[in-house]
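Beneath this line is the structure, given in structure tokens, with notes to follow.
Since every read-out is calculated from the coordinates, none of them should be taken as a lab result. These numbers come from a predicted model, not from an experiment. Cβ sites come from the backbone with ideal geometry, for glycine too, and all protein chains shown count toward neighbours.
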Amino acid sequence: MEITEIMRRLPHRYPFLLVDRVLELTANEKVVAIKNVTMNEPQFTGHFPHHPIMPGVLIIEAMAQAAGLLAFASLSEPPTEDTVIYFVGIDNARFKRPVVPGDQMRLEAKVVRNIRGIWKFEARALVGDQLACQADLMCTLRDLD
């Protein structure tokens, strides 16, 4: 899935759209996506300008956006323009290595369960074969109307 299709499915836009490409997506199972980290992103002007590091909350947000794409693809009916996905919880978040400009994050999320509209995912971000972050994410979908 390329960026134009991602933008049709996620409401996020620059500078907060953090998924560049989806490599693999199996409804109700898993997603594998890519985020290319570049120096021209706005967070690097203030997040340690002398040693730019991707903020951990943005790594988790990128994992959540990939999980959101998986949730949307797993619905029996496609989401409307007014459908958004909200965090319900973040558990067991661990950061294992810094993510810096020039890195490519591989975002992976697996469905653990979906009960009464609350989705739980096991998510992780890797740079090459090194784990950068992992977390259990809980989300829910809501219509804005």
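Are there trypsin sites (Lys or Arg not before Pro) in region 51-111 that DSSP marks as loop and that have at most 16 other Cβ atoms within 10 Å, and which are they? Provide the component values of the computation, followed by the final result.
On the way: sites: R94, K96, R106, K110; in loops: K96.
Passing sites in region 51-111 are K96.
Do any trypsin sites (Lys or Arg not before Pro) in region 1-62 lie in a DSSP loop with no more than 15 other beta carbon atoms within 10 Å, and if so, which? Write out the running numbers ahead of the final one.
On the way: sites: R8, R9, R13, R21, K30, K35; in loops: R13.
Sparse-neighbourhood loop trypsin sites (Lys or Arg not before Pro): R13.
Given the peptides 83-90, 72-79, arrange them by the average over their residues of other C-beta atoms within 10 Å, most packed first.
Values: 83-90: 14.9, 72-79: 13.0.
By packing density, highest mean first, the sequence is 83-90, 72-79.
How high is the relative contact order of region 3-143, in percent, counting Cα pairs under 8 Å that sit 6 or more residues apart? Don't skip to the answer; put the middle values down first.
Numbers: 290 pairs, mean separation 37.2, N = 141.
Once normalised by length, the contact order is 26 percent.
Order of M54, M138 from fewest to most other C-beta atoms within 10 Å? Write down the numbers at each step before the final one.
On the way: M54 25, M138 18.
Ordered by Cβ neighbours within 10 Å, fewest first: M138, M54.
Return one number: the angle in degrees, 0 to 90 and rounded to the nearest 10, between the long axis of the Cα atoms of helix 56-74 and the longest principal axis of the Cα atoms of the chain.
It is inclined by approximately 30 degrees.
Restricting to DSSP H runs of at least four residues, report the calculated mean residue ellipticity at 222 nm for the chain, -39500 (n - 2.57) per run over all residues, nearest 500 deg cm²/dmol.
On the way: 2 runs with 26 residues, N = 145.
-5500 deg cm²/dmol, from helical runs alone.
For F16, what charge total do you get from the other residues with a beta carbon under 11 Å from its beta carbon, if Lys and Arg give +1 and Asp and Glu give -1? All intermediate terms of the calculation are to be shown ahead of the outcome.
Values: positive: R13; negative: E41, E61.
With Lys, Arg at +1 and Asp, Glu at -1, the neighbours total -1.
Between N40 and Y14, what length in nm is gained on full extension when 0.36 nm per residue of separation is reduced by their alpha carbon distance? Walk me through the intermediate numbers first.
On the way: separation 26, 0.36 × 26 = 9.36 nm, distance 1.19 nm.
In short, 8.2 nm is gained.
What is the fewest-to-most order of L131, L144, L25 by other Cβ atoms lying within 10 Å of their Cβ? The partial results should precede the final answer.
Values: L131 14, L144 9, L25 18.
With the fewest neighbours first, L131, L144, L25 line up as L144, L131, L25.
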